[in-house]
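See structure below.
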Amino acid sequence: MSGKWDDICNSIDTCALAGAAAFFAGIPKAQILANGQLWCYFYALRYLEHAEYNMAERFHCTQTDNNAVIYGTEEFLLKALERMQQSECQPSILLVENSCSISLIGDDIAGIAGKAALECPVVAMDCGGLLGGFAEGYAKAGVKLLQVLPLAVRKPVHKKINLLGLTDFYYNGAADSREIVRILHDAGYLIGAIPGGGSTLECITGLTDAELNVVINEELGLPLARFLKQQYDMPYVIAGVPYGVIGSKKWLSRITQIVSTDAKAVFIECDAAEKKLTAYGNDVSCNWGEPWFDETIICAPGTMALCMAEAVRGEWINTQRLQVVCRDNVISEDLYSVMVDKVYPKEKIKTALESVLCGGKSILLAGSSNETAIFMRHNKMVSCCNVAYPVNDEVLLTQVPFAGIRGSFHMQQRLWNAFIKNSITTSF
């Protein structure tokens with residue numbers, strides 16, 4: 001295969017500048033200042049606006065010029081901070097993040113920000129592609145905040161849990177977060193803090209009173225969990241993302257094994273959902289047969305991709321071969337990948353897509369518009385189900401989750417429709 005593979009590989013993720021900004025954007029009244037050129041700023045802004053349309057009101061840029069790479073950014077940074085001080089909306093906390101090129105200078109941005117005598121706490125860090133992708137920036141920003149923010153003395157409250165690694169800035173992330181919180185609340189848990197996922201600065205300060213930290217997206221939340229374990233002796237569990245009804249029950253069981261609760265209401269809901277989905281599936285199968293794809297490939301953030309693969313093969317459809325491309329490293333891969341034929345890191349996306357293009361006739365792609373475009377360029381018919389950014393060929397305005405019990409109805413609906421459309425297309 002020939003083509004612009006390097007460009008494709010680089011475009012399946014966004015840089016750490018956007019990831020760090022996304023974490024602080026998940027804190028109400030927090031603001032972010034990107035110290036660098038406008039192109040880095042607009043690249044990150046465009047990504048973040050998919051989840052928060054008014055992101056520009058909280059995300060700012062120093063707009064440094066080329067000379068700043070040589071002579072430093074103090075003048076630009078102080079002017080930007082002065083503009084922010086004159087604004088009517090004062091931040092609860094401010095992130096000042098260096099872009100790639102500015103990171104090479106070695107400016108003491110924390111010291112420069114100190115000269116501005118801001119009334120709010122300031123977190124300063126280097127970001128950009130030199131640090132890594134979205135997940136690296138998000139996780140580093142979370143740990144940096146916990147290092148700067150004075151946390152309360154640990155006094156655990158029974159059945160109170162924190163959720164780590166939840167973000168509105170994954171595709172459909174806000175809806176998934178609400179479903180996850182709903183399930184845990186119905187299971188009898190008290191939700192403490194969700195750092196970077198909607199909790200206020202005050203709530204994050206008191207996160208040490210939780211009995212357990214639950215890591216959802218491992219690539220985002222595990223570094224925070226490890227920091228809190230080391231510094232405050234807070235236990236954690238890597239739960240993953242609950243996809244499917246059976247998957248949701250297994251997911252909840254991982255948590256209840258550590259902090260017990262009466263989750264009977266949730267399991268009753270799961271049983272009812274299984275019966276309803278089975279009835280719907282049997283009815284549709286009478287007209288279209290069992291949902292089947294020769295090849296299925298999932299390209300998404302690490303934890304999401306692996307957990308979704310488990311539901312795809314275990315509950316949702318039948319497929320001969322299931323492959324996964326993880327955009328991020330997941331250390332507990334064995335926890336989720338039992339039903340996956342092959343797991344690729346994002347650097348091997350070329351190999352993964354080549355194997356699918358050379359494979360069977362019916363292909364299901366759960367990924368982004370980038371992978372869809374690759375198949376289209378090679379005139380390969382594929383059934384697409386968007387689960388990750390960038391998404392340019394679908395509008396998703398309703399807040400219906402992919403994850404959890406309600407998400408299982410939504411996802412099976414999407415996959416059934418993809419199968420039916422494929423069956424109609426291939427019959428002509």
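The values are calculated or read from the model by the stated rules, or taken from the named source; none is laboratory data. Predicted, not measured: the structure shown is a model, and the values here were computed from it. FYI the Cβ positions are ideal-geometry reconstructions off the backbone, even for glycines, and counts take in every protein chain you see. The area values use the complete protein model at the heavy-atom level, side chains included, leaving out ligands, DNA and RNA. Shrake-Rupley method; radii C 1.70, N 1.55, O 1.52, S 1.80 Å.
Before moving on, here are some points about what is shown:
- Every condition in (1) exposed (fewer than 15 other Cβ atoms within 10 Å of the Cβ); (2) closer than 22 Å to TYR243 by Cβ holds for VAL324 except the one numbered (1).
- Residue count for the range 379-397 under the criterion of being in contact (Cβ under 8 Å) with a residue 40 or more places away in the chain, open to solvent by less than 30 Å² (accessible area, probe 1.4 Å), under 20 Å from ILE424 (Cα atoms) and not small (Gly, Ala, Ser): the result is 0.
- Any hit, the range 256-276, residues being touching a strand residue (DSSP E or B) at 6+ places or on another chain (Cβ under 9 Å) and either open to solvent by less than 20 Å² (accessible area, probe 1.4 Å) or touching a residue at least 60 places away in the same chain (Cβ under 8 Å) (or both): yes
- Selected residue (criterion: nearest to ALA366 (Cα to Cα)) from residues of the range 169-193 that are assigned to a helix (DSSP H, G or I) and open to solvent by 20 Å² or more (accessible area, probe 1.4 Å): ALA174
- Residue check for SER362: modelled with pLDDT under 90 and not aromatic (Phe, Trp, Tyr): no
- Leading residue by the ranking (surrounded by the most Cβ atoms within 10 Å (Cβ to Cβ)) among those in the range 234-255 that are of a type in the set (A, V, I, L, M, F, W, C) and in a helix (DSSP H, G or I): VAL245
- Filter result for GLY196 (part of a loop (DSSP other than H, G, I, E, B) and either closer than 16 Å to GLN399 by Cα or touching a strand residue (DSSP E or B) at 6+ places or on another chain (Cβ under 8 Å) (or both)): no
- For THR303, the criteria (1) of a type in the set (S, T, N, Q); (2) under 30 Å from ALA225 (Cα atoms); (3) surrounded by fewer than 19 Cβ atoms within 10 Å (Cβ to Cβ) hold in every case but one, which is (3).
- The numbered conditions (1) part of a strand (DSSP E or B); (2) more than 25 Å from GLY407 (Cβ to Cβ); (3) basic (Lys, Arg) are all true for ARG321 except (2).
- Of all residues in the range 116-150, exactly one satisfies the criterion of being under 19 Å from ALA80 (Cα atoms), among the charged types (D, E, K, R) and under 23 Å from the mean Cα position of the chain (by Cα), namely ASP126.
- Given (1) in contact (Cβ under 8 Å) with a residue 60 or more places away in the chain; (2) touching a Phe, Trp or Tyr at 6+ places or on another chain (Cβ under 9 Å); (3) of a type outside the set (A, V, I, L, M, F, W, C), number of the condition ARG226 does not satisfy: (1)
- Residues (polar (S, T, N, Q) and within 21 Å of ASP328 (Cα to Cα)) located in the range 344-362: THR351, SER355
- For the range 303-342, a residue qualifies if it is farther than 27 Å from GLY137 by Cβ and of a type in the set (Lys, Arg), and the qualifying residues are ARG313, ARG321, LYS342.
- Given (1) within 23 Å of LEU212 (Cα to Cα); (2) open to solvent by 50 Å² or more (accessible area, probe 1.4 Å), number of the condition ASN329 does not satisfy: (1)
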